[in-house]
Amino acid sequence: MTPVLEIAGLDKRFGGIVVADGIDLTLNPGRVVGLIGPNGAGKTSLFNLISGVFPSDAGTIRLDGQRLDGLAMHRRASLGLARTWQNLRLFPSLSVLDNLMVGPRRYLGDRLLRLALDPAGVRAQEAGTRRRAEEVLERTRLSGVAATPAADLTFGQQKLVGVARALMNDARCLLLDEPMAGVEGQAYEIMQQVVREVAEGGVAVCVVEHNVAFIRDLCDEGVFMFAGKVLARGPVADLIADPRLTELYFGT
Amino acid sequence: MDYLITLAIMIGLSVALASSFNLIIGYAGLVSIAHPVFYAIGAYVSALLARDLGLPVPLAMLCGALAAAAASAAVALPSLRVSGDYLLIASIGFQLGVLEAIKNVSVTGGAGGLTNIPAFLVQDGGKGAYAALVIAFAALTVWLNWRIAHGPYGRALSAMRDDETAFAGLGRNAVAMKVAVFAFGSGIAGLAGALYAHYFRFVTPEQFEILQSAALLTMVVVGGVRTTWGPVLGAVLLQALPQAITFVDLPPAILGPLQGLLFTGLVLVFMVLRPQGLIAAGEAWQPAKKYSAKTRGEA
Ligand SMILES: Nc1ncnc2c1ncn2[C@@H]1O[C@H](COP(=O)(O)OP(=O)(O)OP(=O)(O)O)[C@@H](O)[C@H]1O
Ligand SMILES: [Mg+2]
């Protein structure tokens, strides 16, 4: 199986803080990898390095063989990398539907010249994007709140909007940063089902999560991070059972 | 009659300037007050091309607008690449630098101003036609801005203002969009400058100073930033009111300061009583009908 995402020797430090220390990681199509580790382990930072929020100091990141490192954030996304954010980062001035409408990999409407010279083409693309957005809303059970401002939803629904927006990319690789934090009840079930369906579609998924049950039920594999290093990789049950890792996770 | 035509032209140009400025500082959220310098570039480039190189005036005007757009992109691209905060400094520096250059170069007529600018349409009673042209231009500007703000581009700008990191994370190129909006708005200002130059046939650098920046900012803010009609209203009011009191028969020594007082007073009153401007923008982005989410509704 050729990996979708391949990370080798990734380093990053902020002054004295090492957030990534020689990280090697591969993500394979159709597989869900759970990224676990204590607070401050560098999980979010790893997502930030992959998606290009800040540049890495050393190492390579490849998506389908193509180098991502060095590219601007928007270029990485347009190559098929999608992510969500630990702190949501929805667009509060937009409706739920419009939050999704900003998300497709190709968006002709952000070019003034294109709008002037090919309005019909832009409109056709908008219509397609809209159909796709309605489909995604259906899958995430958000159709009923499509016209609601994103800021007016319950927290669980907002989390779902964050994932739904990322799904608009039709990504090859999807990074989810704590999708379950603060989510319970129906949203929990929906989230689990959606992530599973996405992986079944051949996407490489990586989930950061503190909710152990969610990780255990959903992930094919776990990766344990501590102090910017990947310490272990294997079946989630094995990682949870490892007393050394449990100690690092809960502190001494 | 001539007086009213001139007033209509001034109002039309102000509307175009305020509306395009609103696109930049309002919808795109770009912090720059250097709009008048692009107005100046349009005026000077068009005037000089027509006067010294004999270009037909409409073509010279187009070149003026393109020069303003190109200059604005050249200012915006490097500063926006670093960070949004640099644009304010870079653009003010550019404004001061260009005006200083105009004052000290002989080809532009120096501080005394550029004279003998070729007229356009104005001969033999064409002033009314010129006013119609300017008003059509202003209306087109307002319409274009409305189209941009409430279509897919406006949606993207709204998202970008909300959260630029998340926006880039979806694959949208924020810097490219900002530069494009800045260049487009500045191009409109350039065309307005060209229209000014070939009507009045005389321009001086002091017309494009920071004071002008303040006046434009006031029009947009008093009228209502990030609305279609706010800048229009602001431009009409702030352009017409100072003119209106000239009808009252007062000696010039009092009239000048009175206009200044009225202007400043208006701003102060608004800051206290209606900070959102005459027309208030809603928090939420409003799509044009064909892009609206409501058509499918709460089924
Ligand atoms: N931009 C930054 N500048 C400086 N330090 C940073 C930056 N981003 C992250 N860090 C530091 O890197 C370390 C790792 O943070 P990170 O957010 O990646 O942890 P995490 O594993 O996601 O933790 P949590 O489970 O709490 O979300 C922390 O010590 C954090 O303070
Ligand atoms: Mg984190």
**Message:** Out of the residues in region A:26-35 meeting the condition of being out of contact with any helix residue (DSSP H, G or I) (no Cβ under 8 Å at 6 or more places or on another chain) and among the aliphatic types (A, V, I, L, M), tell me which one is nearest to ligand 2 (Cβ to nearest atom).
**Reply:** A:V33
**Message:** Out of the residues in region A:198-211 meeting the condition of being in contact (Cβ under 8 Å) with a residue 40 or more places away in the chain and within 16 Å of ligand 2 (Cβ to nearest atom), tell me which one is farthest from A:M168 (Cα to Cα).
**Reply:** A:H210
**region A:95-133, residues that are among the charged types (D, E, K, R) and more than 7 Å from chain B (Cβ to nearest Cβ)** = A:R106, A:R111, A:R114, A:D118, A:R123, A:R130, A:R131, A:R132
**Message:** Regarding region B:140-151, can at least one residue be identified that is under 23 Å from A:A72 (Cα atoms) and part of a loop (DSSP other than H, G, I, E, B)?
**Reply:** no
**Message:** Restricting to region A:36-94, and then to whatever is more than 9 Å from ligand 1 (Cβ to nearest atom), among the small types (G, A, S) and touching a helix residue (DSSP H, G or I) at 6+ places or on another chain (Cβ under 7 Å), can you tell me which residue is nearest to the other protein chains (Cβ to nearest Cβ)?
**Reply:** A:A77
**Message:** Between a residue in region A:119-142 that is without any contact (Cβ under 8 Å) to a residue 12 or more places away in the chain and any residue that is hydroxyl-bearing (S, T, Y), which pairs come within a Cβ distance under 6 Å, given they are 6 or more apart or on different chains?
**Reply:** none
**Request:** Could you check, for region A:41-53, whether at least one of its residues is out of contact with any Lys or Arg (no Cβ under 9 Å at 6 or more places or on another chain), among the polar types (S, T, N, Q) and either more than 25 Å from A:V194 (Cβ to Cβ) or part of a loop (DSSP other than H, G, I, E, B) (or both)?
**Result:** no
**Request:** Residues being touching a residue at least 24 places away in the same chain (Cβ under 8 Å), in contact with an Asp or Glu (Cβ under 9 Å, 6 or more places away or on another chain) and more than 7 Å from chain A (Cβ to nearest Cβ): count how many of those fall in region B:161-185.
**Result:** 0
**Request:** For region A:42-56, indicate whether the set of residues that are on the phi > 0 side of the Ramachandran plot and within 16 Å of ligand 2 (Cβ to nearest atom) is non-empty.
**Result:** yes
**Message:** Criterion first (away from ligand 2 (no atom under 15 Å from the Cβ) and either assigned by TED's automatic domain parsing to the domain that holds A:D220 or in a strand (DSSP E or B) (or both)) does A:P38 satisfy it?
**Reply:** no
**Fill in**
Cβ pairs under 9 Å, 6+ apart or interchain, first in region A:146-158 and more than 14 Å from every other protein chain (Cβ to nearest Cβ), second part of a helix (DSSP H, G or I) and open to solvent by 60 Å² or more (accessible area, probe 1.4 Å), ordered by first then second residue, are A:G156/A:Q186
**Item:** Residue in region A:67-84 that is touching a residue at least 12 places away in the same chain (Cβ under 8 Å), within 16 Å of ligand 2 (Cβ to nearest atom) and surrounded by 21 or more Cβ atoms within 10 Å (Cβ to Cβ) present
**Value:** yes
**Request:** Kindly indicate whether any position in region B:150-160 is over 21 Å from the mean Cα position of the chain (by Cα), open to solvent by 10 Å² or more (accessible area, probe 1.4 Å) and farther than 21 Å from B:P78 by Cα.
**Result:** no
**Request:** Please indicate, with yes or no, whether at least one residue in region B:255-267 is under 19 Å from B:I24 (Cβ atoms), polar (S, T, N, Q) and out of contact with any Asp or Glu (no Cβ under 7 Å at 6 or more places or on another chain).
**Result:** no
**Prompt:** If you take the residues in region B:71-87 that are open to solvent by 60 Å² or more (accessible area, probe 1.4 Å) and out of contact with any Ser or Thr (no Cβ under 6 Å at 6 or more places or on another chain), which one is modelled with the highest pLDDT?
**Reply:** B:A74
**Request:** Check region A:216-232 and report whether any residue there is touching a residue at least 40 places away in the same chain (Cβ under 8 Å), crowded, with 23+ Cβ neighbours inside 10 Å and under 27 Å from B:R172 (Cβ atoms).
**Result:** no
**Prompt:** In region A:148-164, how many residues are within 16 Å of ligand 1 (Cβ to nearest atom) and in a loop (DSSP other than H, G, I, E, B)?
**Reply:** 0
**Message:** Could you check region A:1-23 and list, in sequence order, the residues that are under 14 Å from A:C206 (Cα atoms) and either part of a strand (DSSP E or B) or in contact with a Lys or Arg (Cβ under 7 Å, 6 or more places away or on another chain) (or both)?
**Reply:** A:V4, A:L5, A:E6, A:I7
**Asked** Of all the residues that make up region A:200-222, how many are among the β-branched types (V, I, T) and either modelled with pLDDT under 95 or not assigned by TED's automatic domain parsing to the domain that holds A:L46 (or both)?
**Response** 2
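The values are calculated or read from the model by the stated rules, or taken from the named source; none is laboratory data. Values in this document were obtained by computation on a predicted structure and should not be read as measured data. All Cβ positions, even for glycine, are placed from backbone atoms using ideal geometry, and neighbour counts span all protein chains on display. In case anyone asks, the SASA skips ligands and DNA or RNA and just uses the protein heavy atoms, side chains included. Shrake-Rupley method; radii C 1.70, N 1.55, O 1.52, S 1.80 Å.
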